[in-house]
């Protein structure tokens, strides 16, 4: 996993990837999670999406390896979590929200309090090195109960211009990774302006796509 890269971003406060409001594609397609109780959010940072899902009534379990991001999350929520251990993870829990501090590639159902009903991947796939994608998706397979649903949000752009992270994930790659889960649908997409680093390399736009995967 690209841990050193993302740890440096938090240390140097280069966290332009953190959105002050819930993701627009999540807001548009959150109904995919209607009727589901437990939602897992990998590589969650201090995302405002967590509070949004919690307000919808879901029990949210996130994973994040940057301790600073977890501390800022609960600080901004104004809540003090209860900490404990679950295998290799340190857990931080408040009502309806638990964060597993550690490597998302290692998460097992026992660490998350059992299998989950849904998974919300908002740019987790684009954050890990391409060589780690299969391991990340394998963790989803372990965690998701039969009949569960995934909402996967990725970026696609001209990868030849500049290497990630964030890494481009094409529609073919989504099909390769999730094809044996069940039905895959493109729910929607939007154009996002690239960061200064990508714009300087000639990347003119990012296409952000939301995919539904129904098992």
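Would you be able to say whether some residue in region 182-198 is surrounded by 18 or more Cβ atoms within 10 Å (Cβ to Cβ), out of contact with any strand residue (DSSP E or B) (no Cβ under 9 Å at 6 or more places or on another chain) and more than 30 Å from residue 80 (Cβ to Cβ)?
Of all residues in region 182-198, those surrounded by 18 or more Cβ atoms within 10 Å (Cβ to Cβ) come to 194, 198.
From what is left, the residues that are out of contact with any strand residue (DSSP E or B) (no Cβ under 9 Å at 6 or more places or on another chain) are none.
Scanning region 182-198, I find no residue that is surrounded by 18 or more Cβ atoms within 10 Å (Cβ to Cβ), out of contact with any strand residue (DSSP E or B) (no Cβ under 9 Å at 6 or more places or on another chain) and more than 30 Å from residue 80 (Cβ to Cβ), so the answer is no.
If you scan region 177-199, which residues turn out to be farther than 17 Å from residue 32 by Cβ and modelled with pLDDT of 90 or more? Give the derivation first.
Within region 177-199, the subset farther than 17 Å from residue 32 by Cβ is 177, 179-180, 191-199.
Scanning region 177-199 gives 177, 179, 180, 191.
Restricting attention to region 62-80, and to residues there that are surrounded by 18 or more Cβ atoms within 10 Å (Cβ to Cβ) and touching a helix residue (DSSP H, G or I) at 6+ places or on another chain (Cβ under 9 Å), which single residue is nearest to residue 118 (Cα to Cα)?
Within region 62-80, the first condition is being surrounded by 18 or more Cβ atoms within 10 Å (Cβ to Cβ), and the residues that meet it are 62-66, 69-70, 73.
Remaining after also requiring touching a helix residue (DSSP H, G or I) at 6+ places or on another chain (Cβ under 9 Å): 62-66, 69, 73.
Values: 62: 12, 63: 14, 64: 18, 65: 21, 66: 23, 69: 23, 73: 21 Å.
In this case the residue turns out to be 62.
Within region 67-93, which residues are in contact (Cβ under 8 Å) with a residue 40 or more places away in the chain and within 21 Å of residue 23 (Cα to Cα)? Give the derivation first.
Here is the first cut: in region 67-93, the ones in contact (Cβ under 8 Å) with a residue 40 or more places away in the chain are 68-69.
Residue satisfying the conditions is 69 alone.
The values are calculated or read from the model by the stated rules, or taken from the named source; none is laboratory data. None of these values were measured; they are calculated from a predicted model. Counting neighbours? That spans all protein chains shown, and the Cβs are built from the backbone with ideal geometry, glycine included.
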